[in-house]
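These notes are about the structure you will find just below.
The values are calculated or read from the model by the stated rules, or taken from the named source; none is laboratory data. Because the structure is a prediction, the values reported are computed rather than measured. All Cβ positions, even for glycine, are placed from backbone atoms using ideal geometry, and neighbour counts span all protein chains on display. Only protein heavy atoms, including side chains, enter the accessible area calculation; ligands, DNA and RNA are left aside. Shrake-Rupley method; radii C 1.70, N 1.55, O 1.52, S 1.80 Å.
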Amino acid sequence: QVHLVESGGGLVQAGDSQRLSCAASEHTFNTYAVGWFRQAPGKEREFVAAISWSGDKTYYADSVKGRFTISRDNAKNTVYLQMTSLKPEDTAVYYCAADLVVVKVKVPGNYDYWGQGTQVTVSS
């Protein structure tokens, strides 16, 4: 079983940048696809970004494309989400998720392993 821990959230101002990290418990994580999702109060959990096990393929929601960048450092068993030009509507709890085989990366139910989440609050 893979255990994931998100970090890097906090209170920022609109236009600022923030980097989130998703650290895994073991190196087997390096063979898993990883996705970032977010959920705001009263809203459905939504897809943000995903990355293949090798890092050669990335996917982004239209709402964050051009502003967010997902990357991974397999030597550190860690996946990152670099967020720039943050907007108040980006405010949410951000979760990372992982699984060995993910056919549709935008679907939360396709991931077996999830972290606890980290809060990102963007003030105007």
Exposure rank, largest accessible area first [Lys87, Lys43; 1.4 Å] | Lys43, Lys87
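How long is the gain from Ser85 to Ser71 if the chain were fully straight, where each residue apart is worth 0.36 nm and the alpha carbon distance is subtracted? Could the numbers behind the result be given before it?
On the way: separation 14, 0.36 × 14 = 5.04 nm, distance 1.76 nm.
Extending this stretch completely gives an extra 3.3 nm.
Give me the number: length gained by fully extending Ser124 to Ser7, i.e. 0.36 nm times residue separation minus the C-alpha to C-alpha distance, one decimal in nm. Walk me through the numbers on the way to the answer.
Values: separation 117, 0.36 × 117 = 42.12 nm, distance 2.25 nm.
Net length gain for the segment: 39.9 nm.
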At what distance in nm do the modelled label points of Ala61 and His27 sit from each other, each positioned 7 Å from its Cα along Cα→Cβ?
-> 3.4 nm
Derived scalar couplings ³J(HN,Hα) [segment 2-12; Karplus, 6.51 cos²θ - 1.76 cosθ + 1.60; whole Hz; x for Gly, Pro] = 9, 9, 10, 10, 8, 7, x, x, x, 9, 9
Determine the relative contact order of segment 1-70: mean sequence separation of Cα pairs under 8 Å and six or more apart, normalised by residue count, in whole percent.
-> 21 percent
Per residue solvent-accessible surface (Å²) - segment 32-124, probe of 1.4 Å = 51 Å²
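With all protein chains present, how much of the accessible area of segment 1-93 (probe radius 1.4 Å) comes from carbon and sulfur, to the nearest whole percent?
47 percent
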Quick one: how many Å² of Thr58 are accessible to a 1.4 Å probe, rounded to 10?
-> 60 Å²
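Could you tally the net charge around Val5, taking each other residue with its Cβ under 13 Å from the Cβ of Val5, Lys/Arg +1 and Asp/Glu -1?
Numbers: positive: Lys76; negative: Glu6, Glu26.
Cβ neighbours under 13 Å give a net charge of -1.
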